[in-house]
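Below is one structure, written out as structure tokens; comments come after it.
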Amino acid sequence: MPLPQHVRLVEVGPRDGLQNEAQPISVADKVQLVDELTAAGLSYIEVGSFVSPKWVPQMAGSAEVFAQIQRKAGVTYAALAPNFRGFEDALAAGVTEVAVFAAASEAFSQRNINCSISESLERFVPIMEAARLHGIRVRGYVSCVLGCPYEGQVAPQQVASVANELFAMGCYEVSLGDTIGTGTPGATRTLFDVVAGQIPRGKLAGHFHDTYGQALANIYASLLEGIQVFDSSIAGLGGCPYAKGASGNVATEDVLYMLNGLGIDTGIDMDRLIAAGQRICDVLGRPTGSRVAKVRLAS
């Protein structure tokens, strides 16, 4: 299968990245980050999450962030809405696209959201109905697709089953997440081949963590399988909570560098992207997790 000519990057740093940070981050800093990512040419930015601040303190103020960002035509500004209350709050904040998530592992689902996979999917039914009513698009995530911290290996057929439920429910796209970053290119190709037996490849996305240093290799393997959408995080924000001290999300800068080298169009400006990543890292008081940014900023 030839490599795609265009790839869409879904920027998850403002949500999936910042939610793992220990220190509070101001609404103003979050707004500036989103605006700088917009200016860099990202066409899809996950801005925040409508979840109880008791559980995810860093996502407090998501409504204020949505109210203050400079929206650009053609750019999707999405939010995670893990339950119906979250969906209602997102709707009130003027969000036009939300994401829901389920796990491919029963043990992970129980430990993470205190319910079975089937129960978690049932919770999304009223969200999907309300989304259709209000014209809101819904994107689905499946976590632990290439391994679980509690169960170990996860069968591709199990991932396909969960992904297909989300797709059948009305998710226009399903992102398959290697939550603990243990996946390898061969397993990644097998996974997409199996899932694509039920869902068109054009409706699938990849979400790879770099815990074991395999994220870019897995993205390349996914490209060979015809996948054209990938989640990534500015400056590699977001650690892996299941592997102490390990990196988490793959850095957007590093993915862009590889795609540029392959001649694949993204519409993203590398210099502006690196600058946005460095600024938020300065706010957080830590170095960037992007290898490309480290080299470019040192030269």
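Nothing in this text is a laboratory measurement; each read-out follows from the coordinates by a stated rule. Owing to the predicted nature of the structure, the values given are computational and were not obtained by experimental measurement. We place every Cβ from the backbone using ideal geometry, glycine too, and count neighbours over all the protein chains shown.
General observations
- Label sites at residue 194 and residue 92, each approximated as a point 7 angstrom past Cα along Cα to Cβ, lie 4.2 nm apart.
- Total formal charge among the other residues, if their Cβ is under 11 angstrom from that of residue 65, Lys/Arg +1 and Asp/Glu -1: -1
- Chain lengthening between residue 27 and residue 107 when straightened (0.36 nm per residue, less Cα-Cα): 25.3 nm
- Length released on extending from residue 1 to residue 224, taking residue separation times 0.36 nm less the Cα-Cα span: 79.7 nm
- Dipole size of the chain about its Cα centre, with +1 on Lys/Arg Cβ and -1 on Asp/Glu Cβ: approximately 180 debye, rounded to the nearest 20.
- For trypsin sites (Lys or Arg not before Pro), the sites in the stretch 214-299 that DSSP calls loop and that have at most 15 other Cβ atoms within 10 Å are 244.
- Adding -39500 (n - 2.57) for every DSSP H run of four residues or longer, then dividing by how many residues the chain holds, sets the calculated 222 nm ellipticity at -12500 deg cm²/dmol.
- Spin-label pair residue 271-residue 203: with each label point 7 Å from Cα along the Cα-Cβ axis, the two points sit 4.2 nm from one another.
- Loop sites in the stretch 20-96: chymotrypsin sites (Phe, Trp or Tyr not before Pro), DSSP, at most 14 other Cβ within 10 Å: 55
- Kirkwood Rh (inverse of mean 1/r, distinct Cα pairs), the chain, angstrom: 18.9
- If you take all other residues with their beta carbon under 14 Å from the beta carbon of residue 121, and give Lys and Arg +1 and Asp and Glu -1, the sum is -4.
- Dipole of the stretch 8-298, positive direction: furthest Cα of 79, 58, 99, with charges on the beta-carbon: 58
- Loop-located chymotrypsin sites (Phe, Trp or Tyr not before Pro) in the stretch 149-228 (DSSP state other than H, G, I, E, B) with a sparse environment of at most 12 neighbouring Cβ atoms within 10 Å: 172.
- Greater than 26 Å apart at Cα, pairs in 30/294; 54/294; 30/54; 30/72: 54/294
- Label-point gap, in nm, between residue 282 and residue 8 - each point 7 angstrom along Cα→Cβ: 3.3
- Within a straight-line Cα-Cα reach of under 17 Å, residue 203 can be paired with the following aspartates and glutamates, leaving aside sequence neighbours fewer than 8 residues apart in one chain: 97, 165, 173, 193, 225, 231.
- Residues with amide H under 5 Å from that of residue 173, placed H, sequence gap 5 or more: 140
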